[in-house]
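*Asks:* Take a look at this one; I'll ask things after.
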Amino acid sequence: MNVGEWVIILQMGLVYGIVTIGIFMSFRVLNFADMTCDGAFVLGGCVAAGGVKNGLPIPLALILAFLGGGIAGWTTACLHNYCKITDILAGILVAFMLYSLNLRIMGGVPNVTLGSIDGCGMTLALAGVIVVWAVGYLLMSDFGLALRGLGQNRHLARSYGIPAANTIAIGLALSNGLIALGGAFFVLTQNFCDIGGGAGTLVVGLASLIIGEKILSFRSPAVAVAACVVGSVVYRLLIGFALHSDVLSLRSSDLNFITGLLIVGVMATRGRRQRCYL
């Protein structure tokens, strides 16, 4: 791999590192099987692309993307809390509806090409550091303790006076806001937005999360957040090496197959180790 490919790998690792932190907050912290992420990822990209094309500065476009993802996560929480729809189905419904909303934001066209955007790489690196610090600090705070307690045992958390519905809503809003922020960075770094670009976001995020947890297996919430970014970068490196291996003769169209095998291999290894301790 040449220098340009290494830069792209690091760039995509940071982008999906932010997405993985969002997935970590819903699946690990809140113990909420949120399927909104595919739609939220595209929503963030569409909002950022629309904002940049209409002359908005990049920071403002990123903020709007984060807020849009937050509203999507909040909607999922409302469907679950007040309409009594299961967590998986609520996320699927919101992601399904977001497809039409994303098309409207895109002006009815399925894809948009952006011009070259200067300084986006530095903005991405700075945003990655801020997100890791902010989420790590949040999880170590009293509110973060309430989030983690709610994810561990909802009945016990309610008995301690933690407002479950509001806490879940805030947690999912933050989670999908981060995922949308990752989608916005993906579009701005690739200079291209496609309505189907969110397919497989959850799988890639879970793969990065599992790898990160294997590399940094400490219990500290701050380390767990950093592990999301580390796992995302390592995942991109593994995929890059696999696709550039002459022995395996793989193509870019084999990406989903490689990702599936990688997840199965890591989870199978973890399952064998857990049985050894029983």
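The values are calculated or read from the model by the stated rules, or taken from the named source; none is laboratory data. Keep in mind the model is a prediction, meaning the values are calculated, not measured. Cβ atoms come from the backbone with ideal geometry, glycine included; neighbour counts cover every protein chain shown.
*Asks:* Just a yes or no: is a residue in region 213-226 of a type in the set (Phe, Trp, Tyr) and touching a residue at least 24 places away in the same chain (Cβ under 8 Å)?
*Replies:* For region 213-226, residues of a type in the set (Phe, Trp, Tyr) and touching a residue at least 24 places away in the same chain (Cβ under 8 Å): absent.
*Asks:* Still on this model: Which of the helices (runs of 4 or more DSSP H) contained wholly in region 1-114 include at least 2 residues that are without any contact (Cβ under 8 Å) to a residue 40 or more places away in the chain and out of contact with any Ser or Thr (no Cβ under 8 Å at 6 or more places or on another chain)?
*Replies:* 3-23, 58-81, 87-105
*Asks:* Mind checking which residues of region 93-117 are under 27 Å from residue 228 (Cα atoms) and at pLDDT below 85?
*Replies:* 117
*Asks:* Checking the structure you have, find out if any residue of region 149-169 is modelled with pLDDT of 90 or more and under 25 Å from residue 14 (Cα atoms).
*Replies:* no
*Asks:* Out of region 122-170, which residues are within 22 Å of the chain's Cα centre (by Cα), surrounded by 14 or more Cβ atoms within 10 Å (Cβ to Cβ) and within 17 Å of residue 82 (Cα to Cα)?
*Replies:* Result: 167, 168, 169, 170.
*Asks:* Anything in region 212-236 that is among the small types (Gly, Ala, Ser) and either in a helix (DSSP H, G or I) or modelled with pLDDT of 90 or more (or both)? List them, or say none.
*Replies:* 212, 222, 224, 226, 227, 231, 232
*Asks:* Would you call residue 50 small (Gly, Ala, Ser), surrounded by fewer than 24 Cβ atoms within 10 Å (Cβ to Cβ) and over 23 Å from residue 225 (Cα atoms)?
*Replies:* Yes; evaluated as a whole, the condition is true for this residue.
*Asks:* May I pose another question? Looking for something in a loop (DSSP other than H, G, I, E, B), aliphatic (A, V, I, L, M) and over 12 Å from the mean Cα position of the chain (by Cα) - is there at least one such residue anywhere in region 179-191?
*Replies:* No, the conditions are met nowhere in region 179-191.
*Asks:* Among (1) modelled with pLDDT of 90 or more; (2) among the aromatic types (Phe, Trp, Tyr); (3) more than 13 Å from residue 29 (Cα to Cα), where does residue 143 come up short?
*Replies:* Residue 143 satisfies every listed condition except (3).
*Asks:* Right, another one. Inspect region 90-104 for any residue being of a type in the set (Phe, Trp, Tyr) and surrounded by 14 or more Cβ atoms within 10 Å (Cβ to Cβ) and give the result as yes or no.
*Replies:* Yes: one or more hits.
*Asks:* Would a scan of region 67-76 turn up a residue that is of a type outside the set (Ser, Thr, Tyr) and over 15 Å from the mean Cα position of the chain (by Cα)?
*Replies:* Within region 67-76, one or more residues are of a type outside the set (Ser, Thr, Tyr) and over 15 Å from the mean Cα position of the chain (by Cα).
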